1. Could you name every one of the helices (runs of 4 or more DSSP H) located completely within region 82-162 that has at least 1 residues being among the β-branched types (Val, Ile, Thr) and out of contact with any Lys or Arg (no Cβ under 7 Å at 6 or more places or on another chain)?
2. As an exercise: evaluate Ala29 against (1) within 27 Å of Leu222 (Cβ to Cβ); (2) at pLDDT 85 or above and give the number of the one condition it does not meet.
3. Can you confirm whether Ala72 is over 23 Å from Arg180 (Cβ atoms) and modelled with pLDDT of 90 or more?
4. Hey, among the residues in region 212-250 that are surrounded by fewer than 16 Cβ atoms within 10 Å (Cβ to Cβ) and within 29 Å of Glu106 (Cβ to Cβ), which one's modelled with the lowest pLDDT?
5. Take region 90-105 and flag every residue that is of a type in the set (S, T, N, Q) and surrounded by 14 or more Cβ atoms within 10 Å (Cβ to Cβ).
6. Could you tell me which numbered condition Ala154 fails, if it satisfies all but one of (1) over 16 Å from Glu214 (Cα atoms); (2) surrounded by 15 or more Cβ atoms within 10 Å (Cβ to Cβ)?
7. Taking Arg145 as the residue in question, decide whether it is buried (at least 20 other Cβ atoms within 10 Å of the Cβ), modelled with pLDDT of 90 or more and among the basic types (Lys, Arg).
8. Confirm whether Glu256 is more than 18 Å from the chain's Cα centre (by Cα), part of a helix (DSSP H, G or I), at pLDDT below 90 and closer than 19 Å to Phe144 by Cβ.
Amino acid sequence: MNAPDAGTTAPADVRAAMAGRLLGSPGEARQAVRMGATPQDVARTCLDLLRSREARRPVLRDPWDRSLPPGAERDALDVLTPSERVAFVLHDEFSIPYDDIAPVVERAPAATRRLAARARHRLEGTEEMPAPDPARQREVVLAFRSAARSGDHAALRALLDPDVVLRSDGPATAPAHGARPVARALAERVRATLPALVDGAAGLLRAAPDGRPETAFRFTVLDDRITAVDALSDEEHLARLELTPMEQHPADKESEDAG
């Protein structure tokens, strides 16, 4: 099959094949084909459907969990996040250039290339979690807290991966999937937090009026975006965490005082 031009009208059979591969559901694939005349249009619709499917999971998955979710035993692509799935299928199976895929998955072309490579390694079982970058994680977490404190919802969303997951070990914080829902869920929750090391990694800590830890927010940061947030408020869980106040740079303190 010749590579389709992602931005121009494609034959129905090409769009149907693409949607079928991306979604694995004939009914959803027909819906996606009806809603778009170009490969990019079809891919965007498929990505929205995949993200909606992910958000309905009773238990949100760890982005680094290679196991198949319940009911997905027949489709190996279900180990991928929605954006990984779209980048991999469009590039590796339909030969669409990364420059054309990038707007669909809301990333720069270089980041889209890394996304597809990560999907490839995950499918091959050779994926490894990148080595942590403590300094960069600290910058991203503090920027997220600063955006929440200033009420800058656009900046909050920009720091979140489009497929970010918010997980919780209790009722205090509701789980969420996707940049907009996670930003809404955390905007107020993290305003009153303090920077802290959570098991050695940059995070945020919300304390009760008597000073006891109330909720620890643990972050996973990849390619300068937050891909997962764990809101930990169970007392037994908190007791097992190593929580250490994190020293702020003077610039951080000045920004906080100004807010």
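The values are calculated or read from the model by the stated rules, or taken from the named source; none is laboratory data. Since this is a predicted model, take the numbers as computed values, not measurements. Don't worry about glycine lacking a Cβ; one is built from the backbone with ideal geometry, like all the others, and counts go over all protein chains shown.
1. On the way: elements: 82-88, 98-105, 109-124, 134-150, 153-158.
In region 82-162, 82-88, 98-105, 109-124, 134-150 are the helices (runs of 4 or more DSSP H) which contain 1 or more residues that are among the β-branched types (Val, Ile, Thr) and out of contact with any Lys or Arg (no Cβ under 7 Å at 6 or more places or on another chain).
2. (1) is the only condition that Ala29 fails.
3. no
4. This residue is Asp223.
5. Quick first cut of region 90-105, residues of a type in the set (S, T, N, Q) only: 95.
Within region 90-105, none qualify.
6. (2)
7. Working: buried (at least 20 other Cβ atoms within 10 Å of the Cβ): yes; modelled with pLDDT of 90 or more: yes; among the basic types (Lys, Arg): yes.
Answer is yes for this residue.
8. Working: more than 18 Å from the chain's Cα centre (by Cα): yes; part of a helix (DSSP H, G or I): yes; at pLDDT below 90: yes; closer than 19 Å to Phe144 by Cβ: yes.
Yes: the conditions hold for Glu256.
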